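Peer 1: Below is a structure I'd like to ask you about.
The values are calculated or read from the model by the stated rules, or taken from the named source; none is laboratory data. Note that the structure is predicted; figures quoted are calculated from it, not measured. Here the Cβ is made from the backbone with ideal geometry for all residues, glycine too, and neighbour counts use every protein chain on show.
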């Protein structure tokens, strides 16, 4: 495993929509485990291939060390609940900057595993929030775009001063 260089906001690579993974091979596995190591070092609970400039639809989550890493290839949200929740979000591409975002509390997710096998599952709470955040990134939507313009501008100014 290797540590990869994380793109930093406002790198234009963070606004690129990722392409589907088509080859479920050793290169994908290597990228996934390199992402895991990079995320742990950042530190973070989620990372996408886009965060390191690889524009393929790959998400790595590790919500707790006890649960271990979760790998999602080509994830897509099929349905969301009308019930929402607020949670503080941030990004490995903008360390130290956080703000509260409101998102659906539950999602129905379709994805492939590292072998290309398709799965569907319901995610709820923190897991659902994290997955929505990472899928936004795969779609080229950096989390700041979910904030009001006023909150976004204030947060960016504060973050730039802290660098």
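Peer 1: Does the stretch 64-84 include one or more residues that are closer than 25 Å to residue 159 by Cα, touching a residue at least 24 places away in the same chain (Cβ under 8 Å) and in contact with a helix residue (DSSP H, G or I) (Cβ under 8 Å, 6 or more places away or on another chain)?
Peer 2: No: the stretch 64-84 contains no residue that is closer than 25 Å to residue 159 by Cα, touching a residue at least 24 places away in the same chain (Cβ under 8 Å) and in contact with a helix residue (DSSP H, G or I) (Cβ under 8 Å, 6 or more places away or on another chain).
Peer 1: Moving to a separate point now. Among the residues of the stretch 11-34, write down those that are exposed (fewer than 14 other Cβ atoms within 10 Å of the Cβ) and either at pLDDT below 95 or within 16 Å of the chain's Cα centre (by Cα) (or both).
Peer 2: 17, 19, 20
Peer 1: Please go through the stretch 114-140 and give me each residue that is within 20 Å of residue 25 (Cβ to Cβ), surrounded by 14 or more Cβ atoms within 10 Å (Cβ to Cβ) and over 13 Å from the mean Cα position of the chain (by Cα), ordered by number.
Peer 2: Within the stretch 114-140, 114, 116 qualify.
Peer 1: Let me ask something additional. Within the stretch 148-157, which residues are loosely packed, with under 13 Cβ neighbours inside 10 Å and within 24 Å of residue 103 (Cα to Cα)?
Peer 2: 148, 149, 150, 153
Peer 1: Only residues that are over 20 Å from residue 11 (Cα atoms), touching a strand residue (DSSP E or B) at 6+ places or on another chain (Cβ under 6 Å) and part of a loop (DSSP other than H, G, I, E, B): list them for the stretch 83-109, please.
Peer 2: 105
Peer 1: Restricted to the stretch 93-110, and to residues that are at pLDDT 95 or above and under 18 Å from residue 35 (Cα atoms), which residue is farthest from the chain's Cα centre (by Cα)?
Peer 2: My answer is 94.
Peer 1: Let me ask something else about it. Of all residues in the stretch 35-58 being assigned to a helix (DSSP H, G or I) and in contact with a helix residue (DSSP H, G or I) (Cβ under 8 Å, 6 or more places away or on another chain), which is surrounded by the most Cβ atoms within 10 Å (Cβ to Cβ)?
Peer 2: Within the stretch 35-58, the match that is surrounded by the most Cβ atoms within 10 Å (Cβ to Cβ) is 51.
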